[in-house]
1. Over the chain, what portion of Cα pair distances is larger than 18 Å, expressed as a whole percent?
2. Under a point spin-label approximation (7 Å from Cα along Cα-to-Cβ), what is the H76-E17 distance to one decimal in nm?
3. Please build a GNM for the chain, connecting alpha carbons under 10 Å apart, and tell me which residue among D79, D21, D110 fluctuates the most.
4. For D117 and E97, what is the calculated FRET efficiency with R₀ set at 30 Å and r taken between the beta-carbons, to the nearest 0.05?
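Quick note: the coordinates plus some simple rules give every number you see, no bench work behind them. Predicted model, so just to flag it, every value in this text is computed and none were measured. No Cβ is skipped: glycine too gets one built from the backbone with ideal geometry, and neighbour counts run over all protein chains shown.
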Amino acid sequence: MIRGLRGAITIESDKPELVWDETARLVREVVEANHVAIEDIASIMISTTPDITSAFPARAVRLMEGWQYVPVMCTHEMDVPNALPLCIRVLVHANVELAQKDVKHIYLNDAVKLRPDLAQAK
């Protein structure tokens, strides 16, 4: 069955290297926490807050070894007042044998503020 695996991470500043490095880190942690094989990923949706414009975070995934065939798309989040700045969010659609309540969603850096109820202790 297909499940949505969520994650979010913040970056210190809008620099391409940070966008790519932290996106790759987040995707890897989401996939590892849920024991997902690359072949079981149907697609990945990545969004950024409007203050991230220096690079496409999807590039980070496309350059990861073995990931070049995973469909990835980027978009911007809504520009809501007082939203958490410099935030990258991912939604991984994967075929997993997990009950929805057993999916591990990953929130890193200041993104733990988004869903403290789901953030994994690190």
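1. Every Cα pair in the chain considered, those over 18 Å come to 47 percent.
2. Here the modelled spin labels are 2.6 nm apart.
3. D79
4. So the FRET efficiency works out to roughly 0.80.
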